[in-house]
Amino acid sequence: MRHQGLFEPDVLIAEMRDTAERRSARLSSEKRLMLAVLHDAFECYQKYLFAVDREGRQLFEGAAAWINCTSKDYLFSFESITEALDIEPSYFRRGLAEWHKRHVAAERTGNPPPPASSPQGDAGASPSLVQSETSP
């Protein structure tokens, strides 16, 4: 049985971001900058998912590549930022992958995205990677 509520991927990602923002008053300047970078990548990913212009596609693909990168070699890599902000990177990716899957399916059928399900509720979703392509 699928449960809806706080663990819906859209809500979950927003909740992680909001929690980090609420703590931002206590965060150092460096961590506030890291939170801003994470927030910008998240917004570019969602806003430009279906972009058809070159600039929009580049913004989406750049955000997707950055989120998918598992390297910790750079201070502002996705892995380093999520670690510094106490956000589980695979959990973030799972939620975003589920969001992606629902929105791509809805776009293909011309329907609004279906209600979100629990991240564990969809065995077909990729648990650790965010899709960077809109076609299979």
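Restricting region 30-84 to residues that are β-branched (Val, Ile, Thr) and in a helix (DSSP H, G or I) leaves a set whose member that is nearest to GLY95 (Cα to Cα) is ILE67. Kindly indicate whether ALA84 is modelled with pLDDT under 95 and not β-branched (Val, Ile, Thr). Yes. The selection criterion, being modelled with pLDDT under 95, buried (at least 16 other Cβ atoms within 10 Å of the Cβ) and of a type in the set (D, E, K, R), does not hold for ARG26.
The values are calculated or read from the model by the stated rules, or taken from the named source; none is laboratory data. Everything numeric in this text was worked out from a predicted model, so none of it was measured. Don't worry about glycine lacking a Cβ; one is built from the backbone with ideal geometry, like all the others, and counts go over all protein chains shown.
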